[in-house]
Each structure stands twice: as structure tokens, then as C-alpha cells.
Amino acid sequence: SLLSLRPRCNSQTIPSTNPKVLKPAHAIRVNAASSGTYEEQQDRAADGLRQLTEFAEPYGIAVIVENHGGLSSNGAWLAGVMEKVDHTNCGTLPDFGNFRVGQDEWYDRYKGVAELMPFAKAVSAKSHSFADGREVNTDYHRMMKIVVDAGYHGYVGIEWEGSEPDEYEGIRLTKQLLEQVRDDLSA
């Protein structure tokens, strides 16, 4: 939990050499998780993210939160956290394949990405399975249209979590699909 950073985040744990260590990074990806009610977790996550963002800002480092299970995979919840943080140096990393909010509960991935795109500083095009050149779980044309329509012009990272084919082929297939979608959306 980001809240758990607070007790350890003091002059004894943050050496004066941090600017040299942190300078090369343009962003750090973090998770948002806590305990309590929906609203309590939102407040705690926002508080921790704001503190981390204010710490990172002088170093030119953005803080980006990925939807990564639990409430963070609820697009409305994470968008609400971003609204509470209300800092341009803190944003989201919408991940196409990370909308599992519970054991057998999934948040609508298209709705979630649409809710997170106003805050996006990066995007993760996650793939799990291919058939006939298409990702089985995500309609990439629909998803990338959401990304483009949000006015996003940054990087789209590729993430493969499938078992077949191997990771190199999965990444290659995802890249090919993204290039095809780019060409289709540009036409």
C-alpha cells in the first residue's frame, strides 16, 4: 500500500544521493491498494500518491498507477483516486488486461480504459491469446479507438502474458496487431 510508505519515508531512509539515483527515470509505476471501505481506500491511496508525487516532482519523475487488481482494477475507483490526487505529475497506466477486481469478478475493460485515459501517462497493450491474427480477449480496434479518441499520443507498451506462443512470438503478434490497428485508424 502507498500508505505504508509514509512511516519509512524520512531522512534516514532517503539518502542525499537520491537525485543521482532517480534522475534517469522519467516515471515510476506503482500500485494502489489499501484496506477499508471503497471510500476509505480511495482516500488512503490518494493521500499516499499525493505524497509520493510531491516527493518525485523535483526530480522530474511522474508517478503512474496501473490498474493492477482489487479496487485499482475498477476504473471508476481509480479515476476517483486521480481526481482526489489532483496533480499533473500523477497519472494512470491503463492496462488492457488487468480488470480483475475479485476472485471471479471482472470490470468491463473498455469502460475501465475509457475512465482511466483522461489521466494516462502511458498505456499497456496486454495480450494473452491469439487466433487468426487477433487477440482473443481484447478487441484492439475498439480499445485503441478509445485511446486515440482520448487524445493520447504517448507510448503504448506491449505486454504478453500468454502461455502459447512463447513470449517473443506473443510480443511480435501484439506489435503486428497494433501496427495494423494504427494503419486502420489512420486511414
Query - Yes/no for E135 being over 11 Å from the mean Cα position of the chain (by Cα), surrounded by 21 or more Cβ atoms within 10 Å (Cβ to Cβ) and charged (D, E, K, R) - result: yes
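Residue-by-condition table, conditions (1) over 18 Å from N31 (Cβ atoms); (2) touching a Cys at 6+ places or on another chain (Cβ under 6 Å); (3) buried (at least 17 other Cβ atoms within 10 Å of the Cβ); (4) of a type in the set (A, V, I, L, M):
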{"position": "G60", "(1), (2), (3), (4)": "yes, no, no, no"}
{"position": "V63", "(1), (2), (3), (4)": "no, yes, yes, yes"}
{"position": "N67", "(1), (2), (3), (4)": "no, no, yes, no"}
{"position": "G70", "(1), (2), (3), (4)": "no, no, no, no"}
{"position": "V123", "(1), (2), (3), (4)": "no, no, yes, yes"}
{"position": "D139", "(1), (2), (3), (4)": "yes, no, no, no"}
{"position": "H153", "(1), (2), (3), (4)": "yes, no, no, no"}
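Being of a type in the set (A, V, I, L, M, F, W, C) and closer than 15 Å to S124 by Cα is the filter; apply it to region 72-97 and report the residue that is surrounded by the most Cβ atoms within 10 Å (Cβ to Cβ).
Initial filter on region 72-97 (of a type in the set (A, V, I, L, M, F, W, C)): 76-79, 81-82, 85, 90, 93, 96.
Those left that are additionally closer than 15 Å to S124 by Cα: 93, 96.
Values: L93: 21, F96: 28.
The residue in question is F96.
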Requested in this report: Output the residue which, of all residues in region 15-58 that are surrounded by 15 or more Cβ atoms within 10 Å (Cβ to Cβ) and of a type in the set (S, T, N, Q), is modelled with the lowest pLDDT.
Outcome: S34
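Based on what the data block shows, is G170 without any contact (Cβ under 8 Å) to a residue 60 or more places away in the chain and surrounded by 16 or more Cβ atoms within 10 Å (Cβ to Cβ)?
Numbers: without any contact (Cβ under 8 Å) to a residue 60 or more places away in the chain: yes; surrounded by 16 or more Cβ atoms within 10 Å (Cβ to Cβ): yes.
Yes, satisfied.
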Query raised in the report: If you check every pair at least six apart or on different chains, which have Cβ atoms under 7 Å apart with a residue in region 80-100 that is in contact (Cβ under 8 Å) with a residue 60 or more places away in the chain first and a residue that is part of a strand (DSSP E or B) and of a type in the set (D, E, K, R) second?
Result: L93/R29; L93/E66; D95/E66; D95/K126; G97/K126
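Please go through region 28-45 and give me each residue that is touching a residue at least 24 places away in the same chain (Cβ under 8 Å) and either in contact with a Cys (Cβ under 9 Å, 6 or more places away or on another chain) or of a type in the set (S, T, N, Q) (or both), ordered by number. Give the derivation first.
In the first step, residues of region 28-45 are kept if they are touching a residue at least 24 places away in the same chain (Cβ under 8 Å); the result is 28-35, 38, 41-45.
Selection gives N31, S34, S35, Q41, Q42.
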Query raised in the report: What's the number of the condition C90 fails, among (1) under 15 Å from the mean Cα position of the chain (by Cα); (2) at positive phi?
Result: (2)
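The values are calculated or read from the model by the stated rules, or taken from the named source; none is laboratory data. Keep in mind the model is a prediction, meaning the values are calculated, not measured. Virtual Cβ from ideal backbone geometry, glycine too; neighbours counted across all protein chains shown.
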